[in-house]
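Presented below is the structure to which this report refers.
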Amino acid sequence: MEVPQPLGLDRGVRHAAESATNVVAGYFINLALLYVLMHWFGYAIQLHESASMGSVFAVVAFVRGYSIRRLFHRLNDSHKKTPPTEVDGATKGTMSTRHIAPAAKVDQ
């Protein structure tokens, strides 16, 4: 049974959208922070210079966030159990609820 995906998007697209949202939010915070910190340390920096540096950090942050997210999902998917398969009338990899009758005594 296939689980419906939110917004009809596959997992890779959703991970990219999540990473992009995170980076955009962080970009504006870092834009202001970089501008203030550079002036605080005595560097005369223009806002467009701060934006240029911030965009480099934003690209790196996006690649990092997306890659880590995909890695963890891949690791998680590799630990999922495969569905049980039928082998000689018994289900492999699961505990059977079938009871086995005791062997009949043989008179000697």
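Read-outs: derived from the displayed coordinates by stated rules, not from any lab. Owing to the predicted nature of the structure, the values given are computational and were not obtained by experimental measurement. Note: ideal-geometry Cβ built from the backbone for every residue, glycine included; neighbour counts use all protein chains shown.
Each peptide among 41-51, 22-32 gets the average number of other Cβ atoms lying within 10 Å of its residues, and from highest to lowest they stand as 22-32, 41-51. Take the Cα radius of gyration of the stretch 10-79 and divide it by 2.2 N^0.38 Å, N being the number of residues; the result is 1.42. The phi-based Karplus calculation (6.51 cos²θ - 1.76 cosθ + 1.60; θ = phi - 60°) puts the 3J(HN,Hα) values of the stretch 39-53 at 5, 5, 8, x, 8, 7, 10, 8, 4, 5, 5, 5, 5, 5, 5 Hz, whole numbers, x for Gly and Pro.
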